[in-house]
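J.: Quick one: this structure, given as structure tokens, is what I'll be asking you about.
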Amino acid sequence: MTEEKRSEFKPRDYFSAENARPSKSLGQNFITDKRVIERIVSEAGITSDDEVLEIGPGLGALTFSLAEKAARVVAVEKDARLAERLAGVLAEKPNVELISGDALEVDFKSLYKGRKLKVVSNLPYSVSSPILVKLLRKRALFSTLILMLQLEVGERISSPPGGKEYGSLSVLVQTYFDVKTLFRVSPSSFWPAPKVDSVVLKLAPLHEPRVPVADEAVYEKILRAAFSSRRKMLGNSLGSALKKGAADRVLAAAGIDRTRRAETLTVEEFGALYREAVKSGEIV
Ligand code: SAM
């Protein structure tokens, strides 16, 4: 697409022509800084063999650049008006498949055509955590994920144990991915400008999870219980995942002091906790 054509889709111009406003609940903050777009696409290292999944293409800021490099781009947009608008301008890009729908409901497996997808997305902040969890559960379909997130969410994902940002999402993502923080993006790179900084992360799926997890639902349950009350000692917080009185036995078997708090445990220690919980047969 030429610069001239692309400039027709400046988000502010589009919305004022439509007499509409970007939706806060859909997390609509559009990238307007071309350097940010170029950097994201370059970090994704897209080649002509790549198939890409973009969640929330909006008005296509990233989509066009991705389509110029990739073999195929599948873009899922929940806002039907934007999807319709984008479908019109993407008609000249036969390698882009636009799905008008909710990324939380789309069956990602049906998008897989034999080559793992690269995920490149400026994620809608309003649903970034559930989308991340969905991507994580379907990670076998993806080769790498380049994600722009609200800084606070990015810090939660990449935080090491001990920090106040370290939580169940950090443990879950770090169990399955290598996490690298690529760069920060200031609010002035978007329209409308969000209130907070953003960050771009690269998530590379590990060949083997950092700890063996046979039952991911149980693992997630234990993580949620452990972090349910950050100030509580683990001996008390694990009560919602284990039968009455079992928490202390399971913690002792895992070699973890019952007085420790969830944010001090490494991913490996959560692995031990999960293993002993499963062994005990006392999960509720
Ligand atoms: N990619 C565009 C850009 O960077 O300028 C737009 C990014 S904007 C942060 C997020 C986009 O995701 C919006 O277009 C919004 O409508 C869309 N969106 C919000 N929730 C969604 C969902 N559940 N599934 C798919 N798209 C969604």
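J.: Where residues in the stretch 88-113 are at pLDDT 95 or above and part of a helix (DSSP H, G or I), which of them is nearest to residue 124 (Cα to Cα)?
T.: Among those that are at pLDDT 95 or above and part of a helix (DSSP H, G or I), it is 108.
J.: Right, next: Going through the stretch 32-66 one residue at a time, which ones are in contact with a strand residue (DSSP E or B) (Cβ under 7 Å, 6 or more places away or on another chain) and under 16 Å from residue 79 (Cβ atoms)?
T.: Of the residues in the stretch 32-66, the ones in contact with a strand residue (DSSP E or B) (Cβ under 7 Å, 6 or more places away or on another chain) are 32, 36-37, 39-40, 43-44, 46, 50-59, 61-63, 66.
Scanning the stretch 32-66 gives 54, 55, 56, 57, 58, 59, 61, 62, 63.
J.: If the requirement is being more than 18 Å from residue 73 (Cβ to Cβ) and either among the β-branched types (Val, Ile, Thr) or within 16 Å of the ligand (Cβ to nearest atom) (or both), which of these qualifies: 170, 126? Steps first, please.
T.: Working: 170 fails: either among the β-branched types (Val, Ile, Thr) or within 16 Å of the ligand (Cβ to nearest atom) (or both).
Unique residue meeting the criteria: 126.
J.: Working carefully through the options 258, 224, find the one that is over 30 Å from residue 27 (Cα atoms) and either charged (D, E, K, R) or not in a helix (DSSP H, G or I) (or both). Give the steps one after another, and end with the answer.
T.: Values: 224 fails: over 30 Å from residue 27 (Cα atoms).
Selected residue: 258, the only one of 258, 224 that is over 30 Å from residue 27 (Cα atoms) and either charged (D, E, K, R) or not in a helix (DSSP H, G or I) (or both).
So that you can scan it fast, the table gives a plain yes or no per residue for (1) of a type in the set (Asp, Glu); (2) surrounded by fewer than 16 Cβ atoms within 10 Å (Cβ to Cβ); (3) not in a strand (DSSP E or B):
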site	(1), (2), (3)
37	no, no, yes
54	yes, no, no
64	no, no, yes
75	no, no, no
115	no, yes, yes
120	no, no, no
144	no, no, no
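J.: Does residue 44 fit the bill of being within 12 Å of the ligand (Cβ to nearest atom) and either outside the structural domain of residue 146 (by TED's automatic domain parsing) or at pLDDT 95 or above (or both)?
T.: Numbers: within 12 Å of the ligand (Cβ to nearest atom): no; either outside the structural domain of residue 146 (by TED's automatic domain parsing) or at pLDDT 95 or above (or both): yes.
For residue 44, the condition - within 12 Å of the ligand (Cβ to nearest atom) and either outside the structural domain of residue 146 (by TED's automatic domain parsing) or at pLDDT 95 or above (or both) - is not met.
J.: Say we look at the stretch 129-154 and pick out the residues that are farther than 24 Å from residue 41 by Cβ and not basic (Lys, Arg); which of these is nearest to the ligand (Cβ to nearest atom)? Lay out the reasoning, then the answer.
T.: Going through the stretch 129-154, the residues farther than 24 Å from residue 41 by Cβ turn out to be 129-130, 133, 137, 140, 152.
Right, trim to not basic (Lys, Arg) and you get 129-130, 133, 140, 152.
Numbers: 129: 12, 130: 8, 133: 13, 140: 21, 152: 15 Å.
The extreme case among them is 130.
Quick grid of which residues meet (1) among the polar types (S, T, N, Q); (2) buried (at least 16 other Cβ atoms within 10 Å of the Cβ):
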| position | (1), (2) |
| --- | --- |
| 170 | yes, yes |
| 196 | no, no |
| 206 | no, no |
| 214 | no, no |
| 219 | no, yes |
| 240 | yes, no |
| 256 | no, yes |
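The values are calculated or read from the model by the stated rules, or taken from the named source; none is laboratory data. It should be emphasised that the depicted structure is a prediction, and the values quoted were computed from it without experimental measurement. Cβ sites come from the backbone with ideal geometry, for glycine too, and all protein chains shown count toward neighbours.
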